[in-house]
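These notes concern the structure reproduced below.
What follows is calculated from the coordinates using simple rules that are stated; it is not laboratory data. Here the structure is a predicted model, which means the values were calculated and not measured. Quick reminder, even Gly has a Cβ in these numbers, built from the backbone with ideal geometry, and neighbours come from all protein chains shown.
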Amino acid sequence: MLLRAIEHALVAAWNRILSTGGPDLLEAFVGVHEDAITDPLVTELERMRVRGELGPMGGFFAAFIKSEELWDHAHRSQALPDIVVRLVPPPELLVYDPRYYGVFIESKVIDSSHKKSAKLYCTEGVISRFVSGLYAWKMRQAIMCAYVLDGSSLMTALGSEFSTQSSLQTREPLTPRAWPVPSRAEIADSTHDRTWSYSHPNVGSPGSIALSHVWLRLM
């Protein structure tokens with residue numbers, strides 16, 4: 001339920017950005033790094049949270065944070081997740097480090113004219129961030145978010161990548177999910193094995209990770 005609430009929040013914030021951006025928004029976004037789009041998106045998400053506009057699940061969200069430096073699963077290197085949705089833990093749950101208790105979101109631009117492809121979305125997003133344990137290594141769910149500038153379809157663009165890239169460690173195939181129209185969004189789910197093990201003092205295997213793919217469309 002929390003993941004669904006975050007998906008709805010992403011789409012709502014995106015639609016607000018589109019409604020206020022005017023006809024020049026596409027030109028402003030073309031060729032930019034994803035940070036230039038993520039920044040106003042996080043600003044809008046946090047504004048919605050503070051104003052109590054995230055629905056009945058809003059009380060579970062402590063903050064929407066952009067680019068906080070955090071350790072990977074082996075504590076060998078630090079990286080900057082595009083968005084971390086910090087969660088409020090239930091009273092019965094003891095969270096040792098609340099910085100790692102949240103929903104991690106990796107963002108990628110999809111724009112074939114600037115060589116920002118579904119292949120890079122997979123190799124530099126799904127694999128290098130989540131399957132490898134760079135992000136969300138204490139969690140079982142996460143989100144891949146795409147800013148689609150070229151009209152690409154989620155299932156068409158990702159379908160071939162998921163069928164050919166063994167490094168995705170796909171346990172459950174990419175499955176589209178119905179979504180209200182017109183929302184300028186496409187959503188699908190997939191599950192991926194994580195084959196690494198925790199480092200001391202953590203022990204054992206992390207298990208698989210379920211990814212929600214939220215594609216926010218400009219057109």
Considering lysine pairs in the chain that are 8 or more places apart or on different chains, how many have Cα atoms under 22 Å apart?
5
Protection proxy ranking of 87-93, 153-159 - average other beta-carbon atoms within 10 Å, highest first:
153-159, 87-93
Just to be sure I understand: of the beta bridges DSSP finds with both ends in the chain, what percent are antiparallel, rounded to 5?
65
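Relative to the present Cα-Cα distance, how much length would full extension add between LEU25 and SER167 at 0.36 nm per residue of separation? Numbers along the way, then the final one.
On the way: separation 142, 0.36 × 142 = 51.12 nm, distance 3.53 nm.
Residue separation times 0.36 nm, minus the Cα-Cα distance, leaves 47.6 nm.
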Return a whole-number percent for the relative contact order of the chain, with Cα pairs under 8 Å and 6 or more residues apart as the contact set.
17
Estimated 222 nm signal from helices in the chain, with DSSP H stretches of n ≥ 4 weighted -39500 (n - 2.57), rounded to 500:
-8000 deg cm²/dmol
Evaluated at q = 0.08, 0.11, 0.16 Å⁻¹: base-10 log I(q)/I(0), Debye formula over Cα of the chain:
-0.27, -0.52, -1.14
